[in-house]
Amino acid sequence: MLPTGAKDTHLRDSNNQKVHPQPMEESMNQNPEAVEALISKLFTNISSLKSAYIQLQTAHTPYDPEKIQAADKLVISELKNISELKNFYREKNPKPVCVSPQDSRLAAEIQEQQSLLKTYEVMVKKFQSEIQNKDSEIRQLQEKIEDANQKRVKLEKNIKLRGLSMKESEGSGEENGFFPADLTPELFTSAVESAYKAIHDFSKPLINMMKAAGWDLDAAADSIEPNVVYAKRAHKKYAFESHIYQRMFSGFQQENFSIKLDNVTVNKESFFQQYLALREMDPLDMLGQNPDSLFGKFSQSKYLMVVHPKMEASFFGNLDQRNYVTGGGHPRTPFYQAFLKLAKSIWLLHRLAYSFNPNVKVFQVKRGSEYSEVYMESVVKNLIMDETNEKPKVGLMVMPGFWIGGNVIQSQVYLSGMKVNE
């Protein structure tokens, strides 16, 4: 390598004389330390490349995609370092006209290392191809696992439909004298919350269809519970939720839920089995397999109670759906499917209530009752209390309360004549 002050001497004239660069031997002799440092750096990079290659091989046994990618990046980095050394050497040492034997040996050694680098590059590409193949195999296995899980879920649903839970199949039910561990007050509380949400969710399409059919919603709300003073007009939606609750919970305090059992004996175990059978199933799918089941009869009777004939005629222009339900059928219309979600949540709540020993007790709050924070919870949270210290009065109840194991699950009520803190 030439120092800064020892550049090649160029002699040019108008007759295009030839250029005579300095010999390689003279260039190297002027700064042998730089050449030695360059060669040392080259050997160091080659050693690092070999180490990276060994890491790449090790990552394949056992197969570890993350380690393979890390080793692959390390190999590529070392290849780039060696390539940069090669370019640096060529820039500082142009190819001479005549070279010495010593220079030839160095050139041959560099050539050998370049050939080795090409071999490493080929092997790296090969490993990258293998990585892609392994990734493809992993994706295929994941898809197979997902398919197997879906089949398992369907199989479990079919087992539960026949009244057999997975725990019962292992002999943990009647033979051992106790219920599965998930029969807890917390489970029932969760079911109460789901039931109230289902009432709220079904009221939305019901109100929307009444609007579309031209119903006077104010008059309809007043006909459900007259003389309720609402803080906001939008709060009249709770009147329709109350209408749904009153019909869906009619007969809840009875063990048969007002359904004729036709000599069917019911015990604690069968109540919880029915809960397990329906809990994870789509209600319409279950009714498609067994339309005359207890849940099927319950759904038919409650639909006819919740949806008045005049209401249905205004929605659909006829009573075909009602007649179909009356005849024992379960139509696959969007409206009836929305109702079945509500029916399922109330049915599951009843099955759970009678799975406990003693049974869960339901209680209701009469209109005009004084508000009690122990037994009631207001569905509107930002109310302003009266400065006269007069206790608020219940205008509507939209969800009953329950006693379970000495604890109270509060009823959900709308308080009449209150103001809202905007």
Next item on the list: Starting from residues that are of a type in the set (S, T, N, Q) and more than 35 Å from the chain's Cα centre (by Cα), keep the ones in the range 295-326 and report whichever is nearest to Trp347 (Cα to Cα).
Entry: Ser301
Notebook entry, point to check: Considering only strands (runs of 3 or more DSSP E) fully contained in the range 346-422, which possess at least 3 residues that are touching a Phe, Trp or Tyr at 6+ places or on another chain (Cβ under 8 Å) and under 30 Å from Ser270 (Cα atoms)?
Noted result: 361-363, 401-404
Check: Of everything in the range 68-106 that's of a type in the set (Lys, Arg) and modelled with pLDDT of 80 or more, which residue is least open to solvent (accessible area, probe 1.4 Å)?
Finding: Lys80
Item checked: Matching entry among Pro309, Pro291 (being farther than 19 Å from Met248 by Cα and open to solvent by 30 Å² or more (accessible area, probe 1.4 Å)) -> Pro291
Margin query: Please count how many residues of the range 38-67 are open to solvent by 30 Å² or more (accessible area, probe 1.4 Å), in a loop (DSSP other than H, G, I, E, B) and not hydroxyl-bearing (Ser, Thr, Tyr).
Written below: 2
Item checked: Cross-chain or 6+ apart pairs with Cβ under 7 Å, the range 224-245 first and within 17 Å of Leu383 (Cα to Cα), then open to solvent by 40 Å² or more (accessible area, probe 1.4 Å) and in a loop (DSSP other than H, G, I, E, B) -> Val229/Gly417
Note to self: Cβ contacts < 7 Å: first residue among the hydrophobic types (A, V, I, L, M, F, W, C), restricted to the range 130-150; second residue open to solvent by less than 80 Å² (accessible area, probe 1.4 Å) and at pLDDT below 85, any location; separation 6+ or different chain. Result?
What the structure shows: Ile131/Pro65; Ile131/Ile68
Checklist line | Complete set of residues in the range 323-335 that are assigned to a helix (DSSP H, G or I) and either open to solvent by less than 30 Å² (accessible area, probe 1.4 Å) or in contact with a strand residue (DSSP E or B) (Cβ under 7 Å, 6 or more places away or on another chain) (or both) | finding: Val325, Phe335
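The values are calculated or read from the model by the stated rules, or taken from the named source; none is laboratory data. Bear in mind that the values here come from a model prediction, so they are computed numbers and not experimental data. Positions of Cβ are generated from backbone atoms using ideal geometry, with glycine treated the same way; all protein chains shown enter the neighbour counts. SASA here: full protein model, heavy atoms, side chains in, ligands and nucleic acids out. Shrake-Rupley method; radii C 1.70, N 1.55, O 1.52, S 1.80 Å.
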